[in-house]
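Laboratory data are not the source of any read-out in this text; all were calculated from the coordinates shown. Since the structure is predicted, the reported quantities are computational estimates derived from the model, not experimental observations. Heads up, the Cβs are rebuilt from the backbone with ideal geometry, glycines too, and the neighbour counts pull from every protein chain shown.
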Amino acid sequence: MTNPETRTEWPLWEVFVRSRAGLDHKHCGSLHAADAAMAIQMARDVYTRRQEGCSLWVVPSAQITASDPGDKDMYFDPAEDKVYRHPTFYKLPSEVDHM
Amino acid sequence: MTASIQLQQDTATQYLLRLGDTCLILGQRLGEWCGHGPVLEEDIALTNMALDLIGQARALLSHAGAGQGLDEDQLAFLRDERDYRNPTLVELPRGDFAFTVQRNLMAATLLKLLWQRLQTSTDAELAAIAGKAVKEARYHQQHAADWVVRLGDGTAESARRSQAALAQLWRYVPELFDADAVDDAAAASGLGPRWADVQADWQAEVGAVLAEAGLQPPVGSAFRSTGKRGVHTEHMGHLLATMQHLQRAYPGGVW
């Protein structure tokens, strides 16, 4: 983590855009801003100028805890051959969308 | 080289040109920030706003020229300097970032207040343009106000630059609200408000932002700029040369 006293760049923020009412906010990129209000304003100009969204979230990148890329094999590969964990063996009624 | 157009300037046309040219010339000035913004995000924000303003100018100039068979490009690019009716404030060179956001605050507040009232214009097309533009102007005002406060209430250097910008810009404010025959005719016909009618609201809104920024407007002077009457500063010719040369050299050129 950069020392705020000696830092010359504004902190980094992750930007999430909701493209339409009812859909989820999706991560779309990041930007530098001095605070949350500025981050929202900049996200509006950088990420929604082509009608991409109707709502914005910004999150300080430093607040995101990520899994270690070194743990990728251990974490994710074991799921590869567990096909029985997918609910693909059930016949869904047609009224149930988006499963 | 294409010759300049001749434009009949009755009071209604002049009223529309004041609005349209304010948007056009400020849009041109903001466009100059492209590639020069202090950070990438602001570079995009300033040019977004430039495009909003150019869009408003297109609609207004199309409307102003329609009765005389002139289109938006002819009005934007083929008029002589004296036929532009923007207040001097918006033609001043873009200055530093403090200057730019303060001028944006002044211009966006004026335009927002005008658009709000123009939505009930007796001119249906102008009312429709206003209905769309008022949302854009509200954002421009908010964006500018945010930066004016950050810079005015920021570091010693940003406060110094902000105070200097205010001292320079404040001289060009009185012109915005000088009423004349063009305004009177527009008010009488229901075309739109006198610009002077929004002065009290403008002073309240801009004054609140300046107070929050810790900036003190200089005392008024007797100086009056005259851009709205077509008499411009030496900066206008340079701006027009840059803006017009392509259309003058390649008439009707499109992309």
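Key figures for this structure:
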read-out	value
Viscosity 0.692 mPa s, 37 °C: Kirkwood-radius Stokes-Einstein D of segment B:63-131 over Cα pairs, µm²/s	229 µm²/s
Amide proton proximity set for residue B:226, modelled H, under 5 Å, gap of 5+	B:88
Rounded, prolate or oblate (a/c below 1.5 giving rounded, otherwise prolate when a/b exceeds b/c) for segment A:12-89 by Cα gyration tensor	oblate
Nonlocal amide H pairs with residue A:30, under 5 Å, H built at 1.01 Å	A:15
Number of partner chain Cβ atoms within 10 Å, mean per residue of B:106-118	0
Inter-part distance where segment B:131-146 and segment B:231-255 are each reduced to a Cα centre, Å	27 Å
Spin-label model distance (nm) - residue A:71 vs residue B:223, 7 Å beyond Cα toward Cβ	6.4 nm
Relative contact order (percent, whole number), chain A, Cα cutoff 8 Å, 6+ residue spacing	26 percent
Most fluctuating residue given options B:112, B:228, B:135, as computed from a GNM of chain B linking Cα atoms under 10 Å	B:135
Candidate lysines - alpha carbon under 18 Å from residue A:72, same-chain residues fewer than 8 apart omitted	A:82
GNM top mover of B:87, B:38, B:217 - chain B, alpha-carbon springs below 10 Å	B:38
Förster-model FRET efficiency, 22 Å R0, residue A:18 and residue B:201, C-beta, rounded to 0.05	0.05
Charge dipole (the protein assembly as shown, unit charges on Cβ, about Cα centre) - positive-most of B:176, B:143, A:8	B:176
Size of electric dipole in segment B:11-246: Cβ of Lys, Arg +1 and of Asp, Glu -1, about Cα centre, debye, nearest 20	260 debye
Segment B:4-145, relative contact order in percent, only Cα pairs under 8 angstrom and at least six apart counted	26 percent
Neighbouring partner chain Cβ atoms per residue of A:21-34, average, 10 Å criterion	1
Relative frequency of Cα-Cα separations exceeding 36 Å in the protein assembly as shown, percent	33 percent
Normalised per residue, the volume of the convex hull around the Cα set of segment B:11-246 (Å³)	113 Å³
Prolate/oblate/rounded call for segment B:151-220, Cα gyration tensor, a/c under 1.5 rounded	prolate
Sequence-separation-based contact order of chain B, relative, with Cα cut under 8 Å and 6+ spacing, percent	26 percent
Test item: Cα-centred dipole of the protein assembly as shown, Lys/Arg +1 and Asp/Glu -1 on Cβ, debye	520 debye
Cα centroid of segment A:59-99 to Cα centroid of segment B:1-55, whole Å	51 Å
Per-residue ³J(HN,Hα) for segment B:204-209, Karplus 6.51 cos²θ - 1.76 cosθ + 1.60, θ = phi - 60°, Hz, x for Gly and Pro	5, 6, 5, x, 5, 5
3J(HN,Hα) from dihedral phi, segment B:97-114, Karplus parametrisation 6.51/-1.76/1.60, rounded to Hz, x for glycine, proline	5, 4, 5, 4, 6, 5, 5, 4, 4, 5, 6, 5, 5, 4, 5, 4, 5, 5
